[in-house]
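The values are calculated or read from the model by the stated rules, or taken from the named source; none is laboratory data. Here the structure is a predicted model, which means the values were calculated and not measured. Please note: Cβ atoms are built from the backbone with ideal geometry, for glycine as well, and neighbour counts cover all protein chains shown. Surface areas here come from the heavy atoms of the whole protein model, side chains and all, with no ligands, DNA or RNA. Shrake-Rupley method; radii C 1.70, N 1.55, O 1.52, S 1.80 Å.
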Amino acid sequence: MRTRLVAGNWKMHASKAANRALLEAVAAGAATVVGAECAVCVPFPYLAQAAGLLQGTKVALGAQNASEHAQGAFTGEVSAAMLAEFDCRYVLVGHSERRQLYGEGDAQISGKFSAVLAAGMTPVLCVGETLEEREAGRTQATVARQLEAVLARSGRAAFATAVVAYEPVWAIGSGRTASPAQAQAVHAFLRQRLLPETRILYGGSVKPGNSEALFSQRDVDGGLIGGAALVAADFLAILAAAAQRKE
Ligand code: PEP
């Protein structure tokens, strides 16, 4: 059975004071949740603060990116091994904002995925189509291409632990979400290329009001949550919806 996962992506939103309040509230709320795991992916400078605040809680720590290189002259980059030293368990790889705003391509992303695995952490590989690709009927071809690059390098067995997040680009931060049926269709397509035990999260404007319907789909194993992860009550409501999903 796949344990559902709800992971927050804070993006570039944080401050020491705000983090403390948010993490204390999330940790307190998550303490009594059974049936779903949760994680928060925080900006690099706050990893140490978050690791301290989350120690002994049920909330796992994650980062939002990692270098594909192990070490060296890569100014401004952060290696996977560095993240592991701060108790990171999850690392987002290939988020659409990295692909679109920072030009990350499939080859680089597969290198990042492999580096995260090598450092003993769990990559969360983000895949998803743009609106243009969806309207051109290229949703499956797009996510298959994004996934194939990683499969070719790391192999299908890597997905016994690695997580995939299907995030249609048109749904991220837009308030527009894929319908449960649209999400399920892509998740089922991805599942054919993965393993029965691979966790496939849905991301894109997940809110308390739509999470239950999304998580009720057979191949939706939780969510990657952006905006709603910054509001403890919303994030916890989404976590509760994941924990309650009926088989
Ligand atoms: C994301 O950043 O991965 C995301 C899904 O954002 P939002 O929930 O705000 O759409």
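When region 150-197 is filtered for residues that are of a type in the set (D, E, K, R), over 18 Å from the mean Cα position of the chain (by Cα) and buried (at least 19 other Cβ atoms within 10 Å of the Cβ), nothing remains.
One line per residue, one yes/no per condition, for (1) away from the ligand (no atom under 16 Å from the Cβ); (2) small (Gly, Ala, Ser); (3) more than 20 Å from Glu68 (Cβ to Cβ):
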position	(1), (2), (3)
Ala136	yes, yes, yes
Thr142	yes, no, yes
Arg145	yes, no, no
Arg153	yes, no, no
Ala183	no, yes, yes
Phe189	yes, no, yes
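Restricting attention to region 208-247, the residues being surrounded by fewer than 22 Cβ atoms within 10 Å (Cβ to Cβ) and more than 8 Å from the ligand (Cβ to nearest atom) number 22. Annotation for region 46-61: at least one member residue is open to solvent by 10 Å² or more (accessible area, probe 1.4 Å) and under 22 Å from Ser154 (Cβ atoms). Could you tell me whether region 134-141 includes any residue that is aliphatic (A, V, I, L, M) and touching a Lys or Arg at 6+ places or on another chain (Cβ under 6 Å)? No. Is at least one residue of region 133-148 aliphatic (A, V, I, L, M), in contact with a Leu (Cβ under 7 Å, 6 or more places away or on another chain) and not in a loop (DSSP other than H, G, I, E, B)? Yes, that holds for at least one residue. Considering region 63-100 alone, what residues qualify as being more than 22 Å from Ala7 (Cα to Cα) and either modelled with pLDDT under 95 or among the aromatic types (Phe, Trp, Tyr) (or both)? Phe74, the sole residue that qualifies. Scanning region 123-145 for residues that are within 19 Å of Thr198 (Cα to Cα) and crowded, with 21+ Cβ neighbours inside 10 Å turns up Pro123, Val124, Leu125, Cys126, Val127, Gly128, Val143.
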